[in-house]
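In what follows, a structure is listed as structure tokens, so that the remarks can point back to it.
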Amino acid sequence: MTTPHTTTQGTIAVLGLGRMGEATATRLATQGWEVVGWTRSGRTSGAVKTTGDPNDAVADADLVLLALFDGPACRQVLDDVRDSLRTDTVVLNTSTIAPAEASELARQFGPSYVHAPVLGSVPAVAAGTLQILAAADDGALDRARPVLEALGTVRRIDDASTAAALKLIANSSLAGAVLALRDSLRQADALGLSRAQALDVLELGQLGGLVARKRPFLDTRPAPAAATFTIQALSKDMALLADASHTPLRSASGLADTPSDPEADIAVAATVPAVEDAVLEPLRAYIRGHATGDPSHFRDAFLPTAHIEGIRDGVFVSWHLDEYCTLFPGRPAPDEPTRTRRIDAVDVHGTVATATMTLSHGADTFTDIFLLARVTDGWRIANKAYHRRTCTP
């Protein structure tokens, strides 16, 4: 039997009993702490005592632990319970929020605030193996440390904003891995490889840890399994990172546009099929136009109002489709057998899409950027911009 803790923490109030909050409350209870939980949904817990009023939860708590979805939820809940917090209560926030939001909460609650986002999901909570990025004054961190060490390994961070930013960066690498796995599975499907065979080999490579952990979600016939980290949560984190950094973040849109249940596990985002052939068809018609020199393929690919723009012989040009078609003589280029073309990326956003293609034509390499639109008769290229690089001997 676990002996109850008699440290300075006393009672712990866990506000937020979602996946991580429930797992955290359960872990602390099994480690001997007296835990009371509350959640905005009114959901009860099978492992700890719960209350329907957050003020009741925090009134006698020496430590209040937040496990909430986002910054606005943290602000709202803390505003609601502020008058019920004891002056000596430590607020321990494990939620993933924006750096500016973390900094503001640290300013509001001063030396009693510990910002401690965690790396790891539900299984790591249960095993006590989280990596915890903790920022706080020495006094508050000393009081919170026994609780944190029951959950995992504590890494001291200089300030709340930095801890929040580092958590977002860590999740960015996870989002990138999920999308890299998506690309690998799509290529495997295109090559006719079996899903099981592809996953077996991917487990041997750099994505091996992710594939091994998420295998139940990735097989052709997924086994029933509870989500440990949802697409919605990871998409939210990538949106926070993009907003905070003001730099492009491909994974933010890549996850947000995933046509899956947002409450599904992040691994499901890796199993989304490649874009439909209808989106690819105008790009393939464009390739056929270059391969044959027949301008009719370009008329099939582009909208009649399309423009083709770029730098030609040092001068910016903007051709109407008719002008562009006059560049093609109706027959293949003499060196056509040596030319190559590949579609690098296609991103679909409802009724519009963007695409990138690389064309190697002798000494010239073109990067083509397309804007596509879904019109009444299917997808067509609305405009194209290109960059030309010439390799000199």
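The values are calculated or read from the model by the stated rules, or taken from the named source; none is laboratory data. A quick note: this is a predicted structure, and the numbers were derived from the prediction, not measured. Ideal geometry is used to build each Cβ from the backbone, glycine not excepted, and the neighbour counts take in all protein chains shown. Just so you know, the surface numbers come from the protein's heavy atoms only, side chains and all, with ligands and any DNA or RNA stripped out. Shrake-Rupley method; radii C 1.70, N 1.55, O 1.52, S 1.80 Å.
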Just to confirm my numbers, what's the Cα centroid distance between region 136-153 and region 54-106 in Å? 16
What are the ³J(HN,Hα) couplings of region 374-390, residue after residue, when phi is run through the Karplus curve with 6.51, -1.76, 1.60 and θ = phi - 60°? Round to Hz, x for glycine and proline. 8, 10, 4, 9, x, 8, 9, 7, 7, 7, 9, 10, 9, 10, 10, 10, 10
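Hydropathy first: keep DSSP H helices in the chain averaging at least 0.0 on Kyte-Doolittle, then drop any whose Cα extent along the axis falls short of 20 Å, and list what survives. Can you show the working numbers first?
On the way: long enough: 160-190 (45 Å, 0.59); 231-245 (21 Å, 0.60); 277-292 (21 Å, -0.09).
Helices meeting the span and hydropathy rule in the chain are 160-190, 231-245.
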Relative contact order [Cα under 8 Å, 6+ residues apart], the chain, whole percent: 9
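For region 226-288, give the percent of accessible area contributed by carbon and sulfur heavy atoms, probe 1.4 Å, rounded to a whole number. List each step's numbers first, then the result.
Values: 1650 of 2780 Å².
Taking all protein chains in place, region 226-288 shows 59 percent carbon and sulfur surface.
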Could you check the simple spin-label distance between Ala225 and Ala291, using points 7 Å along Cα→Cβ, in nm with one decimal? 3.9
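Provide the net charge surrounding Thr228, with neighbours chosen by a C-beta distance below 10 Å and charges set as Lys +1, Arg +1, Asp -1, Glu -1.
Working: positive: Arg19, Arg213, Lys214; negative: Asp265.
With Lys, Arg at +1 and Asp, Glu at -1, the neighbours total +2.
Using alpha-carbon pairs under 8 Å, 6+ residues apart, how would you state the relative contact order of region 1-153 in percent? Walk me through the numbers before you get to the answer.
Working: 310 pairs, mean separation 32.2, N = 153.
Taking the mean separation of contacting Cα pairs over the length of region 1-153, I get 21 percent.
At 222 nm, what helix-only mean residue ellipticity would the chain give, in deg cm²/dmol to the nearest 500, using -39500 (n - 2.57) for each DSSP H run of four or more?
-12500 deg cm²/dmol
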Any residue on another chain or 5+ positions along whose placed amide H is under 5 Å from the amide H of Leu65 is listed here as Ala13, Val14, Leu15, Leu92
What FRET efficiency comes out for the pair Arg284/Leu204, r = Cβ-Cβ distance, R0 = 35 Å, nearest 0.05? 0.55
Summing +1 for each Lys or Arg and -1 for each Asp or Glu, what net charge is found among the other residues whose Cβ lies under 13 Å from the Cβ of Leu15? -1
For region 318-330, 3J(HN,Hα) per residue [Karplus equation, 6.51 cos²θ - 1.76 cosθ + 1.60, θ = phi - 60°, Hz, x = Gly/Pro]: 9, 9, 6, 4, 4, 5, 4, 5, 5, 6, 10, x, x
Dividing the mean separation of Cα pairs under 8 Å (6+ apart) by the residue count of region 10-92 yields a relative contact order in percent of 33
State the answer as a single residue: which of Ala382, Pro111, Ala274 lies farthest towards the positive end of the charge dipole of the chain, with beta carbon charges of +1 for Lys and Arg and -1 for Asp and Glu, about the Cα centre. Ala274
Candidates Ala353, Ala264, Ala227; GNM for the chain (alpha-carbon contacts under 10 Å) flags as most fluctuating Ala353
Could you order the peptides 323-335, 126-138, 74-86 from most to least packed, using the average number of other C-beta atoms within 10 Å per residue? 126-138, 74-86, 323-335
For region 116-179: rounded, prolate or oblate by the Cα gyration tensor [a/c cutoff 1.5]: oblate
Among Gly21, Gly310, Gly37, determine the one that fluctuates most according to a GNM of the chain built with springs between C-alpha atoms less than 10 Å apart. Gly310
Could you give the accessible area per residue of region 266-393, probe 1.4 Å, as a whole number in Å²? 53
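Would you work out the charge dipole size for the chain about its Cα centre, treating the Cβ of every Lys and Arg as +1 and the Cβ of every Asp and Glu as -1, and quote it to the nearest 20 debye?
With Lys and Arg at +1 and Asp and Glu at -1, about 740 debye.
Using a 1.4 angstrom probe on heavy atoms only, work out the carbon and sulfur share of the accessible area of region 93-220 in %. Mind dumping the intermediate values first?
Details: 3010 of 5580 Å².
The computed percentage sits at 54.
I'd like to compare 94-103, 24-33, 151-160: which one has the highest average count of other Cβ atoms within 10 Å, and what's the full order after that? The partial results should precede the final answer.
Numbers: 94-103: 23.5, 24-33: 22.0, 151-160: 17.7.
Descending mean neighbour count gives 94-103, 24-33, 151-160.
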Sorted by chain and number, the residues with a modelled amide H under 5 Å from that of His307, at a separation of 5 or more or across chains, are Lys384
For volume of the Cα convex hull per residue in Å³, with candidates [x] 175; [y] 138; [z] 194, the value calculated from the shown model is option [z]
Which percent of the accessible heavy-atom area of region 17-79 goes to carbon and sulfur, probe 1.4 angstrom? 44
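How far, in nm, would the chain grow between Asp344 and Thr390 when pulled straight, counting 0.36 nm per residue and subtracting the alpha carbon separation?
Values: separation 46, 0.36 × 46 = 16.56 nm, distance 1.96 nm.
Answer, rounded to one decimal: 14.6 nm.
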Accessible solvent surface per residue of region 1-124, calculated while the other protein chains remain in place, 1.4 angstrom probe, Å²: 42
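Between Asp377 and Ala333, what FRET efficiency follows from the Cβ-Cβ distance if R0 is 35 Å, with the result rounded to 0.05?
0.75
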Need the C-alpha centroid separation for region 10-44 versus region 315-369, integer Å. 57
State the answer as a single residue: which of Pro222, Leu85, Val122 lies farthest towards the positive end of the charge dipole of the chain, with beta carbon charges of +1 for Lys and Arg and -1 for Asp and Glu, about the Cα centre. Pro222
Sum up the charges of everything whose Cβ sits under 11 Å from the Cβ of Pro273, counting Lys and Arg as +1 and Asp and Glu as -1, but leave Pro273 out. -1
